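These notes are about the structure you will find just below.
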Amino acid sequence: MLWFTVWTVLVLATLAGAFLVGRRLWRSAVALGHELVRAGDVAEQLAQRAAELEEQARAAHVELRPALGGDADALRARVEQLRAERRERRARRRDRHRASVADASARWLG
């Protein structure tokens with residue numbers, strides 16, 4: 001009779017443990033499903049945003065063609081415009097670099 005009681009307790013404990021593990025596994029699977037749905041929605045939004053940005057980039061893109069035989073004054077003006085834009089970018093980059101160095105010096109050197 002003692003063995004029957006021991007085995008009954010062991011079987012019931014095993015069944016209770018299996019139930020708890022199964023319930024946790026089920027809840028984890030449901031949570032994973034919800035996260036996969038959310039990840040799919042985010043991926044769809046990202047794809048839409050990437051398509052919008054690509055369309056904007058295509059609309060803003062100016063096609064550059066070979067300028068052989070073009071108006072020399074117009075070409076010279078375009079070159080000067082590009083040089084001015086490059087100088088402006090270089091100046092902004094230099095200012096950012098100087099600010100970063102000053103900030104790092106102040107932070108690390110006291």
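The values are calculated or read from the model by the stated rules, or taken from the named source; none is laboratory data. Bear in mind that the values here come from a model prediction, so they are computed numbers and not experimental data. These area figures cover heavy atoms from the full protein model, side chains too; ligands, DNA and RNA do not enter into them. Shrake-Rupley method; radii C 1.70, N 1.55, O 1.52, S 1.80 Å.
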**Q.** Those residues of the range 60-82 which are in a loop (DSSP other than H, G, I, E, B) and open to solvent by 90 Å² or more (accessible area, probe 1.4 Å), in sequence order
**A.** 61, 62, 63, 64, 65, 66, 68, 71
Q. Is the range 87-110 home to any residue that is of a type outside the set (Asp, Glu) and part of a loop (DSSP other than H, G, I, E, B)?
A. yes
Q: Quickly run through the range 30-59 and pick out the residues that are among the acidic types (Asp, Glu) and open to solvent by 100 Å² or more (accessible area, probe 1.4 Å).
A: 44, 55
Q) Any idea how many residues of the range 83-110 are over 32 Å from the mean Cα position of the chain (by Cα) and either open to solvent by 70 Å² or more (accessible area, probe 1.4 Å) or of a type in the set (D, E, K, R) (or both)? A) 3
